[in-house]
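Coordinate-derived values only; no laboratory data. Keep in mind the model is a prediction, meaning the values are calculated, not measured. We place every Cβ from the backbone using ideal geometry, glycine too, and count neighbours over all the protein chains shown.
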Amino acid sequence: MPETSAAVVLSIQYPIHFIMPVVEIFKTNVTKRSQARTLVRELKKTFPAFRINFDLEDCDRILRVEGPEPVVSGITELMQKHQYQCEWIEN
C-alpha cells in the first residue's frame, strides 16, 4: 500500500457577530478597595457593556477595561472628574 500524506486544515469559524474585545490598561493613583469599588460602579454607569477592574497589588494600581471598543479618553476623563490620576499604558 503506498504511503500518502494528507494535510489537515483546521479553521475556527466565529459567528459574524463575534468581536474581539479591546483591552485598555491604565496606571492610577487609587489605593483603597473602597475607592476602587466606587469607581467601578461609576465607570460602569457610562460603560455598562465593559468589564472593569482594578489591580491594587500592582505598583501602578492598574485599572483594566475590556469591551467592544476603545474608550481611553472617556475613562481618563471620568477618572479625572472624580479627582484621580489615570494614565493610559499603551499596549
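For a label point 7 angstrom out from the Cα of residue 31 toward its Cβ, which stretches of the stretch 56-91 have the backbone nitrogen within less than 15 Å?
56-62, 84-85
Subtract the Cα-Cα distance of residue 56 and residue 73 from 0.36 nm times their separation in residues, and report this length gain in nm to one decimal.
4.0 nm
Taking a ≥ b ≥ c as the square roots of the eigenvalues of the Cα gyration tensor of the stretch 22-89, is the shape rounded (a/c under 1.5), prolate (a/b larger than b/c) or oblate?
Rounded, since a/c falls under 1.5.
PRE reach from residue 20 (point 7 Å along Cα→Cβ): which of the stretch 44-87 fall under 19 Å by backbone N?
In the stretch 44-87, the label zone of residue 20 (backbone N under 19 Å from the point 7 Å along Cα→Cβ) covers 51, 65-72.
Please report the net charge: other residues with Cβ closer than 10 Å to the Cβ of residue 22, K and R +1, D and E -1.
Once all neighbours under 10 Å are counted, the net charge is -3.
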